[in-house]
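Engineer: Can you read through this structure? Questions will come right after.
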Amino acid sequence: MTPFFKSFLAVTGLLVAGFIIGTALFGCAADPAADPAHNLPHRDPAASWDQSNLKLTDHGCPSAVFVAPQGELVECQYAQAAPPAAAELKMFPTMDAAALYVVTKIYERSHYYEYGGVIVKGPKGYMLSLPRTQHHGMDVNFDDDPESFDFPIVATYHVHPCLSNAFPSVFSPQDLASSRVTKTPGYVLDECTGDLHYWAPGDGYLDANALIKMGVNPIALMEGVQLSPGKIVGHITVDGTVLN
Ligand SMILES: [Zn+2]
C-alpha cells in the first residue's frame, strides 16, 4: 500500500467521523436551509438570463436580441411583433394567389424567422391558415392536421429567411419529405430573391452536378440529399439583405 493511499484512507476516516458527529449535533449536516446562502434566490445556469447564455442556446434568430419587456423573457426583439394580420376569411381564386398574398404579408412583418401554414380549398375559393412561427431562422412547425380545418388542405406555405449558411432558394429535404407525406404541394418564399417557389410530390429534384454547383457539402451528397427549387410561380420585392 502506498503512503498516498494510506493518508487518503486516514483523511476519509476523519471526514466520515466528522460527518457522523455533525449529523448527530445538527440533525442533517447537509440541509441547505441551514446555510443562509442557500436561501437567496438563484437561477439554474441553464435558464440564466445572461445574454451570452441565451444566445448560446438559441437555434435561430440570426440577429437575435434578447429582451425581457415587463419582466417577461422573450428570445428576440421581434418576438413581440404581432403575427401577420388574420387572413383566414380572405378568399383567393387560385392557390398561387393565396400563397403570394401570405408570403407578402409575412415579409412585411419579419425577415428573420420562418413562418408557415396551410392553404385550404373552400366552396368559394382558397383560404389561408394564420402563419405560425417558433421564431427560428431555419425551421418552422405549423398545424397540418386535416382535422384542424373545415376544408381540405391543398398546399402548405412557408418562407426561408435570407441566410448565408442555408439554401433559401430550394426546398429542403424536410420540405420535400413533408410534401410527400401530406401529399400536398408546397410554396416557399426565398427572402434573398423574393421568388415564390412551388414544388409538388413527383416534381423531382436537383442532380448531383447541380448540387455541387450550389456548394452542397460532399457528405450530404454522399448521403443522397435531395433539394429542389421547384418552379417559380410568383415574385415579391425584397431588400435582399443577407442576415448573417
Ligand atoms: Zn423550408
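Engineer: So for each of 204-210, 171-177 I average, over its residues, the number of other beta carbons within 10 Å; can you give me the resulting order with the highest mean first? Please report the intermediate quantities before stating the final value.
Structural biologist: Values: 204-210: 12.6, 171-177: 18.1.
Per-residue mean Cβ counts within 10 Å order the peptides as 171-177, 204-210.
Engineer: Within 10 Å of each candidate Cβ there may be at most 13 other Cβ atoms; applying that plus a DSSP loop requirement, which GluC sites (Glu not before Pro) in region 83-176 survive? Write out the running numbers ahead of the final one.
Structural biologist: Details: sites: GLU88, GLU108, GLU114, GLU147; in loops: GLU88, GLU114.
Qualifying residues, ordered by number: GLU88.
Engineer: Further question on the same structure: Could you sort the peptides 121-132, 220-231 by per-residue average Cβ neighbour count (10 Å cutoff), highest mean leading?
Structural biologist: Details: 121-132: 16.9, 220-231: 14.8.
Result, highest mean Cβ count within 10 Å first: 121-132, 220-231.
Engineer: Moving on to the next point. With the cut-off at 1.5 for a/c, could you classify region 144-199 from its C-alpha gyration tensor as rounded, prolate or oblate? Before the final figure, lay out each step's value.
Structural biologist: Details: a/c = 2.65, a/b = 2.04, b/c = 1.30.
Prolate shape, in that a/c is at least 1.5 and a/b is the bigger ratio.
Engineer: In whole Hz and in residue order, list the ³J(HN,Hα) couplings for region 186-202 that follow from phi through the Karplus curve 6.51 cos²θ - 1.76 cosθ + 1.60, θ = phi - 60°; x for Gly and Pro.
Structural biologist: x, 10, 9, 8, 8, 7, 7, 10, x, 7, 9, 9, 10, 9, 10, x, x
Engineer: Antiparallel as a % of all DSSP beta bridges within region 82-235, to the nearest 5?
Structural biologist: Numbers: 20 of 25 bridges.
DSSP beta bridges in region 82-235 are roughly 80 percent antiparallel.
Engineer: Can you list the HN-Hα couplings for region 101-113, worked out from phi with the Karplus curve (6.51, -1.76, 1.60; θ = phi - 60°), rounded to whole Hz and with x for Gly and Pro?
Structural biologist: 4, 6, 5, 4, 5, 4, 5, 4, 8, 8, 10, 9, 10
Engineer: So which trypsin sites (Lys or Arg not before Pro) in region 142-213 end up in coil per DSSP with only 16 or fewer other C-beta atoms within 10 Å? Write out the running numbers ahead of the final one.
Structural biologist: Details: sites: ARG180, LYS183, LYS213; in loops: LYS183.
Passing both the DSSP loop test and the Cβ count: LYS183.
Engineer: Find out how many positive minus negative residues lie around ARG109, taking Lys and Arg as positive, Asp and Glu as negative, among other residues whose Cβ is under 15 Å from that of ARG109. List each step's numbers first, then the result.
Structural biologist: Details: positive: LYS105, ARG132; negative: GLU108, GLU114, GLU191, ASP239.
Summing Lys and Arg as +1 and Asp and Glu as -1 gives -2.
Engineer: For region 82-235, count the residues as N, evaluate 2.2 N^0.38 Å, and divide the Cα radius of gyration by that value, please. List each step's numbers first, then the result.
Structural biologist: Working: Rg = 15.1 Å, N = 154, 2.2 N^0.38 = 14.9 Å.
Normalised Cα radius of gyration, region 82-235: 1.01.
Engineer: Let me ask another. Whose amide H sits under 5 Å from the amide H of ALA155, counting only residues 5 or more places off or on another chain, with H placed in the peptide plane?
Structural biologist: Residues meeting the amide H criterion: ILE119.
Engineer: Another question about this same structure. Taking a 19 Å limit on the Cα-Cα distance, which of the listed pairs LYS105/LYS231; LYS121/LYS183; LYS90/LYS124 fall beyond it?
Structural biologist: On the way: LYS105/LYS231 21 Å; LYS121/LYS183 15 Å; LYS90/LYS124 10 Å.
Those over the limit are LYS105/LYS231.
Engineer: Further question: What nm distance separates the two modelled labels at LYS213 and THR193, each placed 7 Å from Cα along Cα→Cβ?
Structural biologist: 1.2
Values quoted throughout were computed directly from the atomic coordinates according to the rules given, and no laboratory measurement underlies them. This one's a predicted model, so the numbers in the text were calculated from it and none came from an experiment. Using ideal geometry, Cβ is built from the backbone for each residue, glycine included, and neighbour counts are taken over all protein chains shown.
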